[in-house]
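The values are calculated or read from the model by the stated rules, or taken from the named source; none is laboratory data. Given the structure is predicted, the values throughout are model-derived calculations rather than measurements. Using ideal geometry, Cβ is built from the backbone for each residue, glycine included, and neighbour counts are taken over all protein chains shown.
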Amino acid sequence: MVVTGDCRLLHTCEMCEYNNETDCKADKNEHNRWLVNKRMGDIKYKLIVGSNKGGVGKSTVTTNLAVALAEKGFKVGLADADLHGPNIPKLLNAEDVRLKSTDEGIDPYETTNGLKVASLGFLIEDPNMHIAWRDAVKYDFIIELLGNIQWGELDYLLIDLPPGTGNEQITIIDFIGDVDGAVIVTTPQELALLDARKMISFARDSNVPIVGVIENMSHFVCDAGKKYYIFGEGGGKKLADELVLPYLGEIPLDSDIVSKSDQGEPVVISLPDSPAAKAFLQLAENCQKFLNPEEVKAG
Ligand SMILES: Nc1ncnc2c1ncn2[C@@H]1O[C@H](COP(=O)(O)OP(=O)(O)O)[C@@H](O)[C@H]1O
Ligand SMILES: [Mg+2]
């Protein structure tokens with residue numbers, strides 16, 4: 001017998017512990033909390049990747065970090081929380097993927113190396129169509145992303161945040177309740193650092209532990225091997241020192257990152273010997289060390 005209460009969440013309502021087959025008194029918010037808790041309970045570490053600013057490489061960093069952890073043998077999920085610019089499908093060459101719903105929720109897309117992925121990009125037909133949603137709809141979608149996707153048992157869930165410190169970020173942190181870490185991505189110039197400081201302040205205010213700061217598009221190495229600090233030198237390190245945070249390293253400005261990203265081939269796999277791939281692997285190790293130092297020693 002299918003009982004749907006006030007929440008009108010259909011199969012969620014059918015699954016949930018409040019449903020005693022005759023009457024369900026739980027409201028939509030209670031169901032949502034129950035559902036997200038149920039999914040998150042199967043995941044060891046939940047990490048957000050943010051910067052407050054757009055275009056600094058959050059999605060690139062999240063994707064490569066996820067792939068790096070998956071390559072190390074961990075069970076990894078990647079949730080694309082950027083509803084206005086869901087870029088993860090493109091970064092994984094999975095733009096044609098469409099997710100399927102089952103009685104228990106929506107199955108994530110699984111890459112060949114076992115990475116489980118969910119994105120609004122997998123649910124909308126036309127990739128060129130804009131999303132113009134008010135906060136209430138975005139709030140509901142974030143709950144779908146965390147609670148209705150069948151993430152299963154994972155070691156890591158990485159969440160690629162949109163720019164800003166608003167609705168999506170607040171909803172994610174509120175519903176997960178115990179986010180294990182925030183990776184702060186910045187580029188070296190003052191304008192990016194200014195926004196990154198706000199992301200750090202937001203994470204601190206929300207009691208999310210900060211794994212550290214990674215500086216993307218750090219420098220350009222020319223054919224003769226000389227380094228050019230196009231956006232200024234050492235901004236990420238200075239920011240980390242100033243705010244007493246770990247510095248997680250630097251990723252060079254590299255045209256291969258652009259072309260491989262556009263082809264949906266994360267450099268961690270497609271160019272494993274590149275300085276960028278090495279920086280992402282180092283970042284993965286830094287995240288592991290931060291979350292579970294014993295695991296790194298044992299591994
Ligand atoms: N280290 C880098 N070197 C060169 N291009 C980069 C680098 N990191 C990211 N990019 C490129 O910059 C653009 C923005 O990156 P993206 O990850 O989408 O940023 P965000 O998610 O912060 O908006 C993409 O075209 C990406 O390929
Ligand atoms: Mg992005």
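Residues in region 51-108 that are in a strand (DSSP E or B) and within 15 Å of the chain's Cα centre (by Cα): how many?
The total comes to 5.
So, of the residues in region 78-126 that are of a type in the set (Lys, Arg) and surrounded by 15 or more Cβ atoms within 10 Å (Cβ to Cβ), which turns out to be farthest from THR171 (Cα to Cα)?
LYS90
What do you reckon, is TYR156 in the same structural domain as LYS237 (by TED's automatic domain parsing) and touching a residue at least 40 places away in the same chain (Cβ under 8 Å)?
Criteria met by TYR156.
Limited to region 52-75, what total is found for residues that are in contact with a Leu (Cβ under 8 Å, 6 or more places away or on another chain) and either small (Gly, Ala, Ser) or within 6 Å of ligand 1 (Cβ to nearest atom) (or both)?
6
I'd like to check something: does region 125-139 contain any residue that is within 14 Å of the chain's Cα centre (by Cα) and of a type in the set (A, V, I, L, M, F, W, C)?
No, region 125-139 contains no residue that is within 14 Å of the chain's Cα centre (by Cα) and of a type in the set (A, V, I, L, M, F, W, C).
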